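As structure tokens, the structure follows; a few thoughts come after it.
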Amino acid sequence: MSTTDTDPTGPLPVVAIVGRPNVGKSTLVNRFLGRRAAVVQDVPGVTRDRIAYQALWNGRSFTVVDTGGWEPKATGMAAAIARQAEYAMKTADVIVLVVDATVGATETDLAAARVLRRSDRPVILVANKVDDERSEAGAAELWSLGLGEPYAVSALHGRASGDLLDIVLDALPEAPREQEEVGGPRRVALVGRPNVGKSSLINRLAKEERSVVDSVAGTTVDPVDSIVTLGGEEWRFVDTAGLRRRVNTASGTEYYASLRTEAAIEAAEVAVVLLAADEVISEQDQRVITQVIEAGRALVLAINKWDTLDEDRHAQLEKEIERDLARVTWASRVNISALSGRGVNKLADHLRAALASWETRVPTAELNTFIRELVMATPPPARGGRAPKIKYVTQADIRPPRFVVFSTGFLEAGYRRFLERKLRERFGFHGTPIDISVKVRDSKARDRKG
């Protein structure tokens with residue numbers, strides 16, 4: 001938790017500390033630095049500009065940026081919040097939003113969270129001024145901001161600041177990410193095992209739509225990203241230029257293919273998994289689908305060469321899909337022919353629908369009304385003679401949708417699957433994975449403490 005006197009070569013990754021006035025941002029910066037570098041006063045608005053400091057933690061150097069607070073009563077508050085948050089989104093590699101847990105989420109915090117939820121940078125939510133266990137309840141309420149788990153710390157007393165720094169370090173990239181254009185075409189990974197027709201589909205999209213193919217830096221062995229026009233909209237089909245240089249000691253084409261697929265999926269927002277209609281669904285196909293789910297990306301299944309099949313194979317393939325892809329019945333599916341172009345234009349509508357589901361947020365009140373009615377009709381099964389009670393549910397995140405269930409006891413995997421199925425029936429989520437986690441809170445133990 002100290003600065004370093006030696007200047008590392010090259011730029012450092014940047015951590016931006018943001019939040020409204022007087023929540024303890026500068027105090028947290030000093031904890032990160034291990035010294036009083038940032039001016040701290042118990043008066044809102046002491047830090048008026050963005051100030052950068054170099055920090056070192058566990059042998060890793062990075063830049064910490066202390067930002068001016070968002071003034072709730074200022075004219076054009078929403079615009080000012082958006083400017084600060086969007087600046088952090090553009091320039092930082094990790095964003096730390098600091099909230100005063102003793103006050104709770106204010107309108108200013110909610111406005112900031114709305115902007116930061118759109119960020120493609122990691123956002124770490126810090127509940128500051130949690131000086132003891134009794135204050136942790138206030139921190140838990142900040143799940144409602146929709147930025148994931150609130151990390152309870154006391155910047156003033158140093159409580160849990162080391163753990164927070166470890167979390168920040170885990171979120172930092174190996175090197176500062178390059179500035180990406182704001183907005184621009186949605187990013188699509190076209191993935192699948194070898195010889196299912198990925199190149200044919202890219203060539204079809206580029207040729208038929210008279211699109212511009214953008215050669216992003218690559219070599220003869222590294223494919224490039226392509227900008228194609230589909231359904232009247234530009235899309236960026238992402239790939240993994242330069243990946244082989246990082247794994248030049250490895251061998252095996254399947255290993256390379258797996259790494260390239262993983263990198264393409266991570267760089268995208270939605271993945272099109274291409275399957276060959278004239279071949280059985282293989283273990284390799286299943287692995288690619290698993291990679292998409294584990295990366296939390298929207299998913300479209302494109303069945304290629306559909307028009308080459310006779311009726312018997314059509315019926316057989318439908319049975320294979322029903323059996324082998326039962327775990328992704330929620331995935332969007334389109335039948336195409338990359339060779340003839342049949343069905344290719346339908347791909348755009350499936351991509352848009354999957355992305356819309358991926359970014360869907362269910363209002364908290366509506367979500368809890370639905371869950372209460374559901375639990376009354378079908379309560380969780382008893383475990384050890386006691387049936388757990390679901391107290392509260394919140395949607396913690398989007399891209400993909402993530403839900404946190406607060407319960408008095410453990411919920412069986414079967415019941416969690418039941419909740420997921422019912423959430424999909426009620427709210428859709430067609431084309432996106434959703435994640436449900438359970439936070440167990442023993443209400444009787446808490447009562448005894450009180």
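Summed over segment 387-399, residues that are closer than 19 Å to Phe418 by Cβ and not in a strand (DSSP E or B) total 3.
Can you say whether Ala189 is surrounded by 15 or more Cβ atoms within 10 Å (Cβ to Cβ), at pLDDT 85 or above, of a type in the set (Gly, Ala, Ser) and not in a helix (DSSP H, G or I), as far as the supplied structure shows? Spelling it out, Ala189 is indeed surrounded by 15 or more Cβ atoms within 10 Å (Cβ to Cβ), at pLDDT 85 or above, of a type in the set (Gly, Ala, Ser) and not in a helix (DSSP H, G or I). Could you grab me the full set of residues in segment 128-139 that are assigned to a helix (DSSP H, G or I) and open to solvent by 10 Å² or more (accessible area, probe 1.4 Å)? Within segment 128-139, Glu133, Arg134, Ser135, Glu136, Ala137, Gly138 meet the criteria. In summary, Leu355 fulfils each of the numbered conditions (1) within 24 Å of Gly197 (Cβ to Cβ); (2) open to solvent by less than 70 Å² (accessible area, probe 1.4 Å); (3) out of contact with any Asp or Glu (no Cβ under 8 Å at 6 or more places or on another chain); (4) not small (Gly, Ala, Ser) with the single exception of condition (3).
Residues of segment 394-442 that are within 13 Å of Gly148 (Cα to Cα) and open to solvent by less than 10 Å² (accessible area, probe 1.4 Å): Thr394, Gln395, Ala396, Pro400, Pro401, Phe403, Val404, Val405.
Give me a count of the residues in segment 348-370 that are assigned to a loop (DSSP other than H, G, I, E, B) and either under 12 Å from Thr432 (Cβ atoms) or in contact (Cβ under 8 Å) with a residue 40 or more places away in the chain (or both).
Summing the residues that are assigned to a loop (DSSP other than H, G, I, E, B) and either under 12 Å from Thr432 (Cβ atoms) or in contact (Cβ under 8 Å) with a residue 40 or more places away in the chain (or both) in segment 348-370 gives 4.
You will find that of Thr261, Thr290, the residue that is closer than 25 Å to Arg121 by Cα, polar (S, T, N, Q) and at pLDDT 90 or above is Thr290 and no other. Of all the listed residues (Leu97, Leu125, Leu110, Leu142), the sole one being modelled with pLDDT of 80 or more, of a type outside the set (Asp, Glu), in contact with a strand residue (DSSP E or B) (Cβ under 8 Å, 6 or more places away or on another chain) and assigned to a helix (DSSP H, G or I) is Leu142. Quick one: in segment 145-164, of everything that is among the aliphatic types (A, V, I, L, M) and either part of a helix (DSSP H, G or I) or over 19 Å from Gln395 (Cβ atoms) (or both), which residue is most open to solvent (accessible area, probe 1.4 Å)? Top of the filtered list is Leu156.
The values are calculated or read from the model by the stated rules, or taken from the named source; none is laboratory data. All figures in this text were calculated on a predicted structure; none of them were measured in a lab. Virtual Cβ from ideal backbone geometry, glycine too; neighbours counted across all protein chains shown. Quick note on the areas: whole protein, heavy atoms, side chains included, nothing else; ligands and nucleic acids left out. Shrake-Rupley method; radii C 1.70, N 1.55, O 1.52, S 1.80 Å.
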